[in-house]
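Asks: Provided herewith is a single structure, encoded as structure tokens, for subsequent inquiry.
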Amino acid sequence: MVEEKEKERVCVTGAGGYLASWVVKFLLSEGYLVHATVRDPCDDEKNGHLKKLEKASENLQVFKADLLDRQSLCEAFAGCAGVFHIACPVPPGRVPNPEVELIEPAVSGTRNVLDACIKASIKRVVVVSSIGAVMLNPNWPKDKAMDEECWSDTDFCNTSENYYCLGKTISEFEALEHAKRSGLSMVTLCPSVVIGPMLQSKVNASSLLLLALLKDGRESVEDRPRPVVNVRDVAEAILLTYKNSEVEGRYICTSYVIRSKVLVDMLKSKYPNYNYPKSFIEVEEEVKLSSEKLQKLGWNYRSLDETVNDALKSYEEKGLLGEDRSTGLKMSA
Ligand SMILES: NC(=O)c1ccc[n+]([C@@H]2O[C@H](COP(=O)([O-])OP(=O)(O)OC[C@H]3O[C@@H](n4cnc5c(N)ncnc54)[C@H](OP(=O)(O)O)[C@@H]3O)[C@@H](O)[C@H]2O)c1
């Protein structure tokens with residue numbers, strides 16, 4: 001009789017978050033045994049949805065862990081073959097103390113995760129970075145698409161007070177250096193603005209961007225080009241790069257560049273009754289970003305139409321569009 005192969009055990013950090021929840025869902029559906037780290041296992045508003053995922057009752061174990069507490073990470077990683085490091089603060093706007101609220105958890109947190117990976121003899125790691133670690137580079141040639149060679153300039157992040165991007169840039173750079181030094185098998189993935197359906201109930205920052213366009217009815221918004229990608233496509237890219245254990249380095253994960261006005265026109269034609277912005281301020285800016293490296297691994301992405309429709313369906317199901325209140329988002333939409 002052939003014995004059934006033991007299921008692979010993996011850990012996902014920040015599992016209750018927007019993107020990580022989809023990663024947990026896909027891992028469970030593929031039969032993995034999943035350790036999910038969250039900061040507060042009793043907070044059902046943030047994490048309750050994890051227990052409702054298919055196969056969660058048999059194959060999901062929730063661990064309390066903070067990125068700044070290495071021991072808690074070591075406990076969550078024990079017995080795992082792989083780690084998906086996704087946790088990181090993603091605030092919707094400025095924070096009062098960026099050093100403590102953004103840089104420290106991103107940089108020291110990632111360092112702690114990778115040290116804990118070595119301790120637990122983890123075989124493969126995916127670290128989720130961001131195009132924030134790619135695009136803030138004023139010296140990149142304007143006519144050339146930004147690819148994995150392009151790094152955000154930390155001085156520029158600092159002077160432009162873009163501390164989220166600063167944290168992501170330093171943490172990703174250090175992670176890749178750590179892997180070179182330690183021999184850890186690792187990739188980093190840099191998604192653009194992630195949109196699409198939500199599994200969790202607490203609204204995350206990038207979903208707020210789309211919700212603000214639907215609800216806030218502002219007089220005017222800047223018509224900036226934004227690179228976007230579907231949350232399920234990012235989760236699939238994370239699994240794809242994990243399984244291709246021979247590949248390493250950075251992977252940009254993005255599908256479309258879309259301006260707010262085009263997106264609003266698209267939404268209006270299907271859902272005319274929401275509280276859209278009344279006018280748009282032209283912004284002369286171009287975004288050229290390439291996911292060719294990821295596509296060569298076999299990554300595909302869903303249509304923008306499907307992405308937006310599924311996002312709206314999930315907002316409707318969660319009652320997020322029925323309220324009259326605005327999102328209160330301060331960022332330019
Ligand atoms: N959404 C995007 O557009 C986008 C684009 C590019 C890259 N990313 C990256 O993708 C990842 C997930 O983002 P998301 O949009 O899914 O954000 P999210 O929904 O806000 O999730 C972030 C998660 O990080 C956890 N976290 C924050 N600080 C922590 C700490 N000190 N210790 C442990 N956990 C901590 C949060 O846990 P709590 O619930 O306990 O607060 C939360 O579960 C992040 O690394 C982000 O930088 C996101």
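The values are calculated or read from the model by the stated rules, or taken from the named source; none is laboratory data. Because the structure is a prediction, the values reported are computed rather than measured. For neighbour counting, all protein chains shown are included, and Cβ atoms are generated from backbone atoms with ideal geometry for every residue, glycine included.
Asks: For the stretch 40-58, which residues satisfy the criterion of being within 22 Å of Val234 (Cβ to Cβ) and touching a Gly at 6+ places or on another chain (Cβ under 9 Å)? Steps first, answer last, please.
Replies: First, the residues of the stretch 40-58 that are within 22 Å of Val234 (Cβ to Cβ): 46-47, 49-50, 52-56.
Those that are within 22 Å of Val234 (Cβ to Cβ) and touching a Gly at 6+ places or on another chain (Cβ under 9 Å): Lys46, Asn47, His49, Leu50, Lys55.
Asks: Anything in the stretch 157-179 that is among the acidic types (Asp, Glu) and touching a helix residue (DSSP H, G or I) at 6+ places or on another chain (Cβ under 9 Å)? List them, or say none.
Replies: Taking the stretch 157-179 and keeping what is among the acidic types (Asp, Glu), we get 161, 172, 174, 177.
Result: Glu161, Glu172, Glu174.
Asks: From the list Ser130, Ser121, pick out the single residue that is within 16 Å of the ligand (Cβ to nearest atom), under 30 Å from His35 (Cα atoms) and either at pLDDT 95 or above or buried (at least 18 other Cβ atoms within 10 Å of the Cβ) (or both). It would help to see each step written out before you state the result.
Replies: Details: Ser121 fails: within 16 Å of the ligand (Cβ to nearest atom).
Ser130 is the lone residue from the list that is within 16 Å of the ligand (Cβ to nearest atom), under 30 Å from His35 (Cα atoms) and either at pLDDT 95 or above or buried (at least 18 other Cβ atoms within 10 Å of the Cβ) (or both).
Asks: Give the residue that is farthest from Asn230 (Cα to Cα), with candidates limited to residues of the stretch 11-43 that are in a helix (DSSP H, G or I) and among the β-branched types (Val, Ile, Thr).
Replies: Here is the first cut: in the stretch 11-43, the ones in a helix (DSSP H, G or I) are 18-29.
Now restrict to residues that are among the β-branched types (Val, Ile, Thr): 23-24.
On the way: Val23: 13, Val24: 16 Å.
If we take residues in the stretch 11-43 being in a helix (DSSP H, G or I) and among the β-branched types (Val, Ile, Thr), then Val24 is farthest from Asn230 (Cα to Cα).
Asks: Moving on. Got a number for residues in the stretch 34-60 being within 22 Å of Asp115 (Cα to Cα) and either surrounded by 24 or more Cβ atoms within 10 Å (Cβ to Cβ) or more than 6 Å from the ligand (Cβ to nearest atom) (or both)?
Replies: In the first step, residues of the stretch 34-60 are kept if they are within 22 Å of Asp115 (Cα to Cα); the result is 34-39.
If we keep only those that are either surrounded by 24 or more Cβ atoms within 10 Å (Cβ to Cβ) or more than 6 Å from the ligand (Cβ to nearest atom) (or both) too, we end up with 34-38.
Looking only at that region, the number is 5.
Asks: Do you know which residues across the stretch 216-228 are crowded, with 18+ Cβ neighbours inside 10 Å and out of contact with any Lys or Arg (no Cβ under 8 Å at 6 or more places or on another chain)?
Replies: Residues satisfying the conditions are Asp216, Val221, Pro227, Val228.
Asks: Continuing with the same structure: Right, Glu174: in contact with a strand residue (DSSP E or B) (Cβ under 6 Å, 6 or more places away or on another chain), surrounded by fewer than 20 Cβ atoms within 10 Å (Cβ to Cβ), touching a residue at least 40 places away in the same chain (Cβ under 8 Å) and among the charged types (D, E, K, R) or not? Quick ask: steps written out before the conclusion?
Replies: On the way: in contact with a strand residue (DSSP E or B) (Cβ under 6 Å, 6 or more places away or on another chain): no; surrounded by fewer than 20 Cβ atoms within 10 Å (Cβ to Cβ): yes; touching a residue at least 40 places away in the same chain (Cβ under 8 Å): yes; among the charged types (D, E, K, R): yes.
Judged against the criteria, Glu174 is not a match.
Asks: With the condition kept exactly as written, say whether any residue in the stretch 84-94 is more than 15 Å from the chain's Cα centre (by Cα) and assigned to a loop (DSSP other than H, G, I, E, B). I'd like the intermediate steps shown before the answer.
Replies: Quick first cut of the stretch 84-94, residues more than 15 Å from the chain's Cα centre (by Cα) only: 93-94.
If we keep only those that are assigned to a loop (DSSP other than H, G, I, E, B) as well, we get 93-94.
The answer is yes; a qualifying residue exists.
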